[in-house]
Amino acid sequence: SQQGEEDPQALSIQEGENATMNCSYKTSINNLQWYRQNSGRGLVHLILIRSNEREKHSGRLRVTLDTSKKSSSLLITASRAADTASYFCATDAAGFQKLVFGTGTRLLVSP
Amino acid sequence: NAGVTQTPKFRVLKTGQSMTLLCAQDMNHEYMYWYRQDPGMGLRLIHYSVGEGTTAKGEVPDGYNVSRLKKQNFLLGLESAAPSQTSVYFCASSPPVNTEAFFGQGTRLTVV
């Protein structure tokens with residue numbers, strides 16, 4: 001089974017609104033990463049948060065990590081139509097040296 | 001700077017045929033991964049490698065074999081293709097822990 005589960009599976013918002021996606025995972029981790037995938041393309045890395053960090057920012061992105069709840073959230077502020085994509089969380093599980101992905105959230109930002 | 005290159009980009013196979021997907025990276029990364037992506041399933045790890053000459057099974061290894069004879073290449077083989085292996089296959093590479101992974105553009109495989 002997959003390590004991460006994203007919620008919601010799909011999200012539809014208007015330009016300018018904020019988008020929040022959540023990720024839950026099952027085992028202890030070294031880090032948690034968020035990736036973006038445009039339709040039919042490869043994945044692009046957005047941000048990495050280590051297990052000893054609680055919050056991280058990168059431009060319009062804000063990621064939080066709660067290791068006690070085994071969950072993370074990705075916030076995209078002031079969304080743009082160009083943010084339309086699928087977003088995946090991935091965990092680098094402690095002791096396993098492999099990157100395991102969740103099921104993804106499909107984000108649609110309408111002009 | 002090519003990054004991660006997958007060959008081929010598209011392929012149609014008949015049931016029972018064999019093929020090899022090639023992944024090449026020019027970033028001197030230790031770790032390499034093969035994933036498959038199916039609608040609604042996200043990415044599932046097939047096999048991975050933490051260094052030249054080493055491979056390990058991921059979540060869905062059945063029906064696939066891999067080899068990492070050279071550090072820069074990671075090959076994924078299908079010995080006897082089945083329709084259930086119709087998918088988009090992604091290769092990725094990364095340095096050791098706590099770093100991002102870099103992905104290829106994918107191989108769309110159809111088995112008929």
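What follows is calculated from the coordinates using simple rules that are stated; it is not laboratory data. Values in this document were obtained by computation on a predicted structure and should not be read as measured data. Positions of Cβ are generated from backbone atoms using ideal geometry, with glycine treated the same way; all protein chains shown enter the neighbour counts.
In this structure, the residue pairs whose Cα-Cα separation is over 21 Å, taken from A:Lys70/B:Lys57; A:Lys26/A:Lys98; A:Lys26/A:Lys69; A:Lys56/B:Lys57, are A:Lys70/B:Lys57; A:Lys56/B:Lys57. Value of Rg to Rh for segment A:1-55, rounded to two decimals, is 0.98; Kirkwood radius and Rg both from alpha-carbon coordinates. Give me Rg over Rh for chain A, both radii from the alpha carbons and Rh done the Kirkwood way, two decimal places. Checking Rg against Rh, the ratio lands at 0.96. Placing one equal scatterer on every Cα of the protein assembly as shown and applying the Debye formula, the log10 ratio I(q)/I(0) at q = 0.09 Å⁻¹ is -0.36. The charge dipole of segment A:1-60, taken about the Cα centre with unit charges on the Cβ atoms of Lys, Arg (+1) and Asp, Glu (-1), comes to about 280 debye, rounded to the nearest 20. Averaged over the residues of peptide B:99-107, the number of Cβ atoms from other protein chains lying within 10 Å of each residue's Cβ is 5. Label sites at A:Thr84 and B:Leu69, each approximated as a point 7 angstrom past Cα along Cα to Cβ, lie 4.6 nm apart.
Distance between the modelled labels on B:Thr7 and A:Ser12, one decimal in nanometres: 4.4 nm (7 Å Cα→Cβ projection). Over the Cα atoms of segment A:28-74, the radius of gyration divided by the Kirkwood radius equals 1.01; this is the Rg/Rh ratio.
Between B:Asp38 and A:Glu55, how high is the FRET efficiency from 1/(1 + (r/R0)^6) when r is the Cβ-Cβ distance and R₀ = 30 Å? Nearest 0.05. According to the calculation, E is roughly 0.35. For chain B, the residue among B:Val112, B:Tyr48, B:Ser87 whose Cα projects farthest onto the positive side of the dipole built from Cβ charges is B:Val112. Here the average projected area of the convex hull drawn through the C-alpha atoms of segment B:11-50 stands at 4.2 nm².
Restricting the GluC sites (Glu not before Pro) of segment A:1-80 to loop positions (DSSP other than H, G, I, E, B) with no more than 16 neighbouring Cβ atoms within 10 Å leaves A:Glu15, A:Glu17, A:Glu53.
The alpha carbons of segment B:45-111 give a radius of gyration and a Dmax of 12.4, 36 Å, in that order.
When the P(r) of chain B is calculated, the portion above 24 Å amounts to 17% of the C-alpha pairs.
Among A:Lys70, A:Lys26, B:Lys14, the order by Cβ neighbours within 10 angstrom, fewest to most, reads B:Lys14, A:Lys26, A:Lys70.
Placing +1 on the Cβ of every Lys and Arg and -1 on the Cβ of every Asp and Glu, with nothing else charged, gives segment B:1-100 a dipole about its Cα centre of roughly 260 debye. Translational diffusion of segment A:47-111, estimated by Stokes-Einstein from the Kirkwood radius over alpha carbon pairs at 10 °C in a medium of 1.306 mPa s, is 120 µm² per second.
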